[in-house]
Amino acid sequence: MKQKLLIVNRGEIAIRIIRSAHKLEMSALVFQSDKEPDALYLQYADEIIPAKDGGNDKSIFLDIPRIIQLALEHKVNLIHPGYGFLSENPEFAALCAENGINFIGPSAALIKEMGLKTVAKSMAVKAGLPLVPGSDGPVTNAKAAREFAEKIGFPIILKASAGGGGRGMRIVENPESIERNFKSASDEALAAFGNGDMFIEKYLQNPKHIEFQILGDKHGNVIHLGERECSLQRKHQKIIEEAPSASLTTEKRNEMGDMAIRFAKSIGYFSVGTIEFIMNEDGSYYFMEMNTRIQVEHPVTEMITGVDLIDWQIRVALDQHLTLRQDDIKINGWAIECRVNTEDPQNRFSPQTGFIDKIHFPQNSYTRIETGVVSGSVVTPYFDSMIAKIIVHGKDRGDAIEKTLAALYEFSLIGLKTTVPFCRIVLQHPEFVNAKYTTRWVDQVFTPEMLENEDDEMIGALAATIMYASEYLQLSSDLPTYKHDSLNVWVLNKRLNY
């Protein structure tokens with residue numbers, strides 16, 4: 001009988017994992033949430049488990065006891081958490097093991113150690129990795145935080161000890177604002193992770209975010225698959241990623257890659273993982289954290305190496321030996337990923353919910369689309385606002401930027417605002433083109449006015465007219481796309497005469 005793999009996630013990552021499960025001749029099972037009963041990923045699964053969570057505040061994807069119960073009832077062999085809460089929850093990984101279910105990821109102990117940032121940093125120091133000056137352990141209150149911050153100097157950054165994804169994180173510029181920021185960060189961390197402990201780091205003013213993709217098996221073999229640059233962020237969350245990074249020389253890439261492998265081996269790491277570094281303007285770099293899961297941006301690494309990371313993640317969980325060696329990993333070209341979030345970049349990236357009337361993705365040999373929506377899908381307030389990823393491969397960085405812009409102009413969505421116009425602005429900005437952008441780009445450079453256009457109202461009216469005409473005249477759905485920085489609309493083919 002086929003092994004049963006339960007995917008305890010949704011959206012595009014569920015579809016991505018289903019593809020790998022089928023490649024390995026496994027049956028893919030998914031949950032159907034009452035909060036998203038017609039989701040696209042359900043169409044790809046071999047078996048759907050009704051979650052019946054409509055009357056609960058807690059989504060099935062957060063309800064660990066119920067997940068385990070349903071997994072046992074359906075005789076599940078393996079569980080893949082995707083990314084997010086469950087992928088970095090040591091209690092969930094431990095419960096899977098206790099119930100004879102193979103958790104696709106590292107051990108519960110490794111997840112716990114790397115999830116506690118102060119513990120991870122202590123282990124990194126033992127492995128010889130450099131650290132940004134900061135507290136040795138959790139800081140228990142605002143007074144202690146202020147005393148420590150005054151020793152290392154402002155600005156500082158408060159981070160949740162058990163955090164990730166930008167939650168429980170605050171930049172503090174001066175002593176007067178530390179008490180307010182400490183309380184809000186700690187409260188946010190407690191709500192998100194069940195742990196309000198905070199630690200402090202010296203805040204680097206204009207750093208770059210560089211991460212190395214790690215792959216290891218349970219037999220001591222570990223390799224890296226190069227780096228990704230993830231410096232383009234808003235609210236401490238990534239929105240555009242590229243691989244490799246234009247900020248690294250070959251020498252520095254080898255140095256940092258060897259360091260990442262040394263750290264992974266020192267802690268006995270297996271599965272996929274990411275060693276994250278922060279790089280200062282002078283080229284110095286420091287260990288930041290390790291993520292013990294598949295990353296949202298993993299496709300850019302797959303595009304330039306040809307290695308199927310989720311396929312290997314599953315194989316490692318099945319105790320297979322890693323057959324790839326470091327010399328086998330070759331970097332081929334350049335890849336850029338743009339996250340398509342239903343957010344309004346002109347209004348502090350506020351989430352957008354509602355119907356997607358029509359969506360069209362670029363289709364060509366150099367573009368990979370990962371999405372969990374189609375025309376007619378509903379974007380609910382219950383889940384993350386990312387609905388798709390547009391990943392483009394080019395022969396070099398300039399070619400990748402040019403092709404990514406072309407792909408973004410081919411993209412069209414009517415019904416909700418997205419981050420695509422923002423991505424187009426970024427990719428044409430001199431600081432991105434010249435690889436000078438940092439994690440502060442959105443805060444320091446971007447303004448909502450960059451997306452404004454005095455013709456917006458006219459274009460909106462044109463969009464409504466064309467949609468009406470298209471339906472009335474039953475036009476073909478493959479009409480050409482009108483390219484505009486604020487809105488893509490379907491336009492009438494010039495052959496139409498009415």
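Quick note: the coordinates plus some simple rules give every number you see, no bench work behind them. Note that this is a predicted model, so its numbers are computed, not measured. Note: ideal-geometry Cβ built from the backbone for every residue, glycine included; neighbour counts use all protein chains shown.
Fully extending the segment from Glu452 to Lys151, taken as 0.36 nm per residue of separation minus the present Cα-Cα distance, adds 103.9 nm.
Evaluating 6.51 cos²θ - 1.76 cosθ + 1.60 at θ = phi - 60° for every residue in segment 91-108, the Karplus couplings come out as 5, 5, 4, 5, 5, 4, 4, 4, 9, x, 9, 7, 7, 7, x, x, 5, 4 Hz, glycine and proline recorded as x. Computed from label points 7 Å out along Cα-Cβ, the spacing between Asp328 and Lys235 is 4.0 nm.
The relative contact order of segment 4-104, computed from alpha carbon pairs under 8 Å that lie at least 6 residues apart in sequence, is 30 percent. Shown here for segment 21-69: trypsin sites (Lys or Arg not before Pro) in loop regions (DSSP other than H, G, I, E, B) with at most 11 other Cβ atoms within 10 Å, namely Lys58.
For Lys159, the lysines whose Cα falls under 23 Å of its own Cα, not counting residues fewer than eight places away in the same chain, are Lys112, Lys117, Lys121, Lys126, Lys143, Lys151, Lys183, Lys202, Lys208, Lys235, Lys238.
Asn206 label point, 7 Å along Cα→Cβ, cut-off 16 Å on backbone N: hits in segment 241-271? Within reach of a label on Asn206, which here means backbone N under 16 Å from a point 7 Å along Cα→Cβ, segment 241-271 contributes 247.
Counting neighbouring beta carbons within 10 Å and listing from fewest to most, the residues Ser161, Ser266, Ser350 come out as Ser350, Ser266, Ser161.
Summarising the label geometry, the points placed 7 Å from Cα in the beta-carbon direction at Ala94 and Asn174 lie 4.5 nm from one another. Derived scalar couplings between HN and Hα for segment 178-188 equal 6, 5, 4, 5, 4, 5, 5, 5, 5, 4, 5 Hz in order, rounded to whole Hz, by the Karplus curve 6.51 cos²θ - 1.76 cosθ + 1.60 (θ = phi - 60°), x for Gly and Pro.
When the chain is described by a simple charge dipole with +1 on each Lys and Arg Cβ and -1 on each Asp and Glu Cβ, the residue from Leu42, Pro175, Cys96 located farthest towards its positive end is Cys96.
Give me the distance between the Cα centres of segment 307-340 and segment 233-281, rounded to whole Å. After rounding, the separation between the Cα centres reads 15 Å. Run down the aspartates and glutamates and flag those whose C-alpha is under 15 Å from the C-alpha of Lys23, throwing out any fewer than 8 positions away in its chain. Hits, sequence-local ones excluded: Asp46, Asp308, Asp311. In plain terms, the chain from Asp46 to Lys126 could stretch by 24.2 nm, reckoned as 0.36 nm per residue minus the Cα-Cα distance. Ordering Leu190, Leu309 by the number of other Cβ atoms within 10 Å of each residue's own Cβ, fewest first, gives Leu190, Leu309. Taking the average, over residues, of other Cβ atoms within 10 Å as the packing measure, peptides 95-102, 243-250 rank 243-250, 95-102 from highest down. Here the mean projected area of the convex hull built on the C-alpha positions of segment 133-202 is 3.8 nm².
Modelled label positions at Asp282 and Tyr83, each set 7 Å beyond Cα in the direction of Cβ, lie 3.2 nm from each other.
Phi angles across segment 280-289 convert, under the Karplus curve 6.51 cos²θ - 1.76 cosθ + 1.60 with θ = phi - 60°, into 3J(HN,Hα) values of 7, 4, 8, x, 5, 9, 9, 5, 10, 5 Hz, Gly and Pro given as x. Evaluated at q = 0.10 Å⁻¹, a Debye calculation over the C-alpha positions of the chain (equal weights, vacuum) places log10 I(q)/I(0) at -0.81.
A straight chain from Lys265 to Gln69 at 0.36 nm per residue would run longer than the Cα-Cα distance by 67.1 nm.
Remark on the chain: Cys96, Cys230 stand apart, with no other cysteine beta carbon under 4.7 Å. Close amide H partners of Arg167, meaning residues 5 or more places away or on another chain with modelled amide H under 5 Å apart, do not exist here. Summing -39500 (n - 2.57) over the DSSP H runs of n ≥ 4 in the chain and dividing by its residue number, what mean residue ellipticity at 222 nm do you reach, to the nearest 500 deg cm²/dmol? Calculated mean residue ellipticity at 222 nm is -9500 deg cm²/dmol.
Scanning residues 5 or more positions from Met288 or on other chains, those with amide H under 5 Å from its amide H are Glu276, Phe277, Ile278, with H placed 1.01 Å from N in the peptide plane. For the chain, a crude dipole built from +1 on the beta carbon of Lys and Arg and -1 on the beta carbon of Asp and Glu, taken about the Cα centre, is about 760 debye to the nearest 20. Amide H contacts for Asp357 (H built 1.01 Å from N in the peptide plane; partners 5 or more residues away or on another chain; cut-off under 5 Å): Gly376, Ile414, Gly415, Leu416.
Remark: relative contact order (the chain) = 12 percent; criterion is Cα-Cα distance under 8 angstrom and separation of 6 or more residues.
Sorting the segments 314-324, 407-417 by their residues' average number of neighbouring beta-carbon atoms within 10 angstrom, most packed first, yields 407-417, 314-324.
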